[in-house]
Amino acid sequence: MLHKIYLPFSEDKLKEHFVQLDNDSTNIDNHIARYKKSIKNYELFESKTPFTTDIKLIRQIEKDEIFWTASSLMTIFHSPNRISELIKLLTLAYGEKPPLDNFTNWNECLAGELNLFFEPNIPSPKIYLDWLKENVTIQNFIPYIIEKTRNIKGDFRSDLEGATNVDALIINSTNGFAIIIEAKVLSDISYQVSYDSIRNQIIRNIDVMLGENKNLATPLNKRIPDKSLFLLLTPKLYKDNPRARLYGYAFRDYKNDFQTIQADLVHRNLDKDQCEKISSRIGWITWEDLKSVNNDCCKWLNENL
């Protein structure tokens, strides 16, 4: 295993959860290298070997979202009780019945070929990119940034927002059901993108959730927008004290005020009913919830529970 506490899985098993691009495994190797580098740094601390490097770098693994996410979600995904554990978590986040028109229960959502991927790139919706080209001088006011929005011909570029690198994605390639997961440990959400100074990370994930991905590699292209959910995963401390983080305010607004979604997804021209349906597809659970469902999750929390 890569690390007995923070990543108790083999390197080969971890590789299974990254999408290979264009028959080239380089991107997967780069992902794995990040994990191995942090583990190597942490070995200095664990072995009590003297070091001169900043302690925050040596012990980065203790608060690193990529380790918390990979370790805990792989524990659930590879559990012999995977379906029942996922159902418990989904029920905590969204209720007994899926907030989707296509399903009557969680078993229907999860029946089929399930996949778990870390950090897949999901393209920004074309409808938003087209809208941003027309509104970039409204969404931003810094001269040099606005200058960068134009190509050599002086026209506004069509790539003003890159692909969204979601923390994790669970997708059922049989029926198109999917969960887009945004995971946080200590960090907050990003409150802007390069050219849109008022677009935050949560609404960006929700916008991506609503878009189609037919041009992506299989099985990412099997995801169906109307069968997709957004899930925020954070420490219980910040769910209990939502004002401590920007995502607490954003989540509350998107969950309880349809006009907020309407305003922040103005390019989609959504009505009240559409916004309320989107709100119902937004959920929030904690790392402690994962541990309550499967005690092998988040082993580093044992001493605090």
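The values are calculated or read from the model by the stated rules, or taken from the named source; none is laboratory data. Model, not experiment: these values are computed from the prediction. Cβ coordinates were reconstructed from backbone atoms using ideal geometry, including for glycine residues, and neighbour counts include every protein chain displayed. Each accessible area value is taken on the protein alone, full model and side chains, heavy atoms only, with ligands, DNA and RNA left out. Shrake-Rupley method; radii C 1.70, N 1.55, O 1.52, S 1.80 Å.
Would you check if there is a residue in the stretch 73-83 being more than 18 Å from Leu169 (Cα to Cα) and out of contact with any Ser or Thr (no Cβ under 9 Å at 6 or more places or on another chain)? Yes, the stretch 73-83 contains at least one residue that is more than 18 Å from Leu169 (Cα to Cα) and out of contact with any Ser or Thr (no Cβ under 9 Å at 6 or more places or on another chain). Screening the candidates Phe67, Phe118 for the property of being closer than 26 Å to Glu212 by Cα and within 19 Å of the chain's Cα centre (by Cα) yields one hit, Phe118. For the stretch 176-190, the criterion of being within 19 Å of Ala263 (Cα to Cα) and not hydrophobic (A, V, I, L, M, F, W, C) is met by at least one residue. Given the criteria in contact with a Cys (Cβ under 9 Å, 6 or more places away or on another chain), in a loop (DSSP other than H, G, I, E, B) and either modelled with pLDDT under 95 or within 19 Å of Leu90 (Cβ to Cβ) (or both), does Asn215 qualify? So Asn215 fails the test.
Look at the stretch 54-78 and say how many of its residues are open to solvent by less than 10 Å² (accessible area, probe 1.4 Å) and over 14 Å from Lys37 (Cβ atoms). Before you say what the answer is, go through the steps one by one.
Our first condition is that a residue be open to solvent by less than 10 Å² (accessible area, probe 1.4 Å); within the stretch 54-78, this holds for 58, 61, 67, 69-72, 74, 76.
Going one step further and asking which of them are over 14 Å from Lys37 (Cβ atoms), we end up with 69-72, 74, 76.
The total comes to 6.
If you filter the stretch 264-305 down to residues that are within 21 Å of the chain's Cα centre (by Cα), among the β-branched types (Val, Ile, Thr) and assigned to a helix (DSSP H, G or I), you find that the one that is farthest from Tyr238 (Cα to Cα) is Ile278. Answer yes or no: is there a residue in the stretch 224-235 that is open to solvent by 80 Å² or more (accessible area, probe 1.4 Å) and under 28 Å from Asp130 (Cα atoms). There is at least one residue in the stretch 224-235 that is open to solvent by 80 Å² or more (accessible area, probe 1.4 Å) and under 28 Å from Asp130 (Cα atoms). Among the residues that make up the stretch 72-95, is at least one of them at pLDDT 95 or above, over 29 Å from Ala217 (Cα atoms) and assigned to a loop (DSSP other than H, G, I, E, B)? Checked the stretch 72-95: at least one residue is at pLDDT 95 or above, over 29 Å from Ala217 (Cα atoms) and assigned to a loop (DSSP other than H, G, I, E, B). Each residue in the stretch 158-172 was checked for being more than 10 Å from the chain's Cα centre (by Cα) and part of a loop (DSSP other than H, G, I, E, B), and 6 of them qualify. The residue list Ile206, Ile138 contains one member that is assigned to a helix (DSSP H, G or I), β-branched (Val, Ile, Thr) and either open to solvent by 40 Å² or more (accessible area, probe 1.4 Å) or more than 28 Å from Thr104 (Cβ to Cβ) (or both), which is Ile138.
Kindly check whether there is at least one residue in the stretch 32-41 that is assigned to a loop (DSSP other than H, G, I, E, B), farther than 24 Å from Asn172 by Cβ and touching a residue at least 12 places away in the same chain (Cβ under 8 Å). Before you say what the answer is, go through the steps one by one.
Restricting attention to the stretch 32-41, the residues satisfying the condition of being assigned to a loop (DSSP other than H, G, I, E, B) are none.
Within the stretch 32-41, not a single residue is assigned to a loop (DSSP other than H, G, I, E, B), farther than 24 Å from Asn172 by Cβ and touching a residue at least 12 places away in the same chain (Cβ under 8 Å).
Taken as a whole, the structure places Cys297 among residues that are in contact with a Phe, Trp or Tyr (Cβ under 8 Å, 6 or more places away or on another chain), under 25 Å from Ser72 (Cα atoms) and not charged (D, E, K, R).
Going through Tyr195, Tyr238 one at a time, which residue ends up being modelled with pLDDT under 95 and of a type in the set (Phe, Trp, Tyr)?
Details: Tyr238 fails: modelled with pLDDT under 95.
After applying the criteria, what remains is Tyr195.
Scanning the stretch 259-292 for residues that are under 26 Å from Asn102 (Cα atoms), in contact with a Leu (Cβ under 8 Å, 6 or more places away or on another chain) and β-branched (Val, Ile, Thr) yields Ile261, Ile278, Ile282, Ile285.
Residues considered: Ile127, Ile145, Ile152. Of these, the only one that is modelled with pLDDT of 95 or more and either surrounded by fewer than 11 Cβ atoms within 10 Å (Cβ to Cβ) or more than 30 Å from Arg82 (Cα to Cα) (or both) is Ile127.
Total residues in the stretch 1-53 satisfying the condition of being hydroxyl-bearing (Ser, Thr, Tyr) and open to solvent by 90 Å² or more (accessible area, probe 1.4 Å): the figure is 1.
Residue-by-condition table, conditions (1) out of contact with any Lys or Arg (no Cβ under 8 Å at 6 or more places or on another chain); (2) touching a residue at least 40 places away in the same chain (Cβ under 8 Å); (3) closer than 20 Å to Arg199 by Cβ; (4) of a type in the set (A, V, I, L, M, F, W, C):
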residue: Asp240; (1), (2), (3), (4): yes, no, no, no
residue: Ala244; (1), (2), (3), (4): yes, no, no, yes
residue: Asp253; (1), (2), (3), (4): yes, no, yes, no
residue: Arg268; (1), (2), (3), (4): yes, yes, yes, no
residue: Arg281; (1), (2), (3), (4): yes, yes, yes, no
residue: Glu288; (1), (2), (3), (4): no, yes, no, no
residue: Asn294; (1), (2), (3), (4): yes, yes, no, no
